[in-house]
Each structure stands twice: as C-alpha cells, then as structure tokens.
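Here's the structure, in structure tokens; my notes come after.
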Amino acid sequence: MAPIERVRRFGQCFSYAPGEALVQVGVVGRGLTVILSGQVEVTQRDDAGRHELIVTYQAGQFLGELANLAGRPALVDFS
C-alpha cells in the first residue's frame, strides 16, 4: 500500500454505504478514486434502466472515468 500512501496527500477520504453511488451517469464526479477498502462496481444502464456490470474494483485499485477526469459528466455509474 506504499503507493497509496504517497498519493493520499493529493486527495480527500470519503466513505460510502454499500450500494451508494460514487458517480452517476450525467453527473460530474470527483475524478480519480483510490479504493482503500471494500469494492466498487462500474455499471452501465440499458434502455430499460437495468444495470449491466462492466467491472468490479477491489481495495488497493483505482478508477476514474475519462469523462470525469476531463470535468465532463459521467457515462457510467460507479457504486
């Protein structure tokens, strides 16, 4: 976890309840997210509003949608 400790000073820590959205489609997110504990599911909604799992990230991994990193609204949901 040494690399995570090095980047910690550049961000803020946030906690989320299970199933709570970190980022939602159409909303500008915080940018890069480093997962300290738990997991994050990235999903995409189909035309019927159902969520299709794209990938699951675990503690020690990081994620960030390119649109959010550029200050644009998200194209997928993170929860």
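The values are calculated or read from the model by the stated rules, or taken from the named source; none is laboratory data. From a predicted model like this one, the values you see are computed outputs, not experimental measurements. Cβ coordinates were reconstructed from backbone atoms using ideal geometry, including for glycine residues, and neighbour counts include every protein chain displayed. Surface areas here come from the heavy atoms of the whole protein model, side chains and all, with no ligands, DNA or RNA. Shrake-Rupley method; radii C 1.70, N 1.55, O 1.52, S 1.80 Å.
What number of residues within segment 1-16 satisfy the criterion of being touching a residue at least 24 places away in the same chain (Cβ under 8 Å), farther than 22 Å from A67 by Cα and exposed (fewer than 13 other Cβ atoms within 10 Å of the Cβ)?
Number of matching residues: 1.
Got a sec? Which of L75, L63, L36 is surrounded by 13 or more Cβ atoms within 10 Å (Cβ to Cβ) and in contact with a strand residue (DSSP E or B) (Cβ under 6 Å, 6 or more places away or on another chain)?
L63
With respect to G19, determine if the residue is of a type outside the set (V, I, T) and open to solvent by less than 60 Å² (accessible area, probe 1.4 Å).
The answer is no for G19.
Name every residue in segment 49-59 that is modelled with pLDDT of 90 or more, of a type outside the set (S, T, N, Q) and open to solvent by less than 90 Å² (accessible area, probe 1.4 Å), in order of residue number.
Answer for segment 49-59, where residues must be modelled with pLDDT of 90 or more, of a type outside the set (S, T, N, Q) and open to solvent by less than 90 Å² (accessible area, probe 1.4 Å): V55, Y57, A59.
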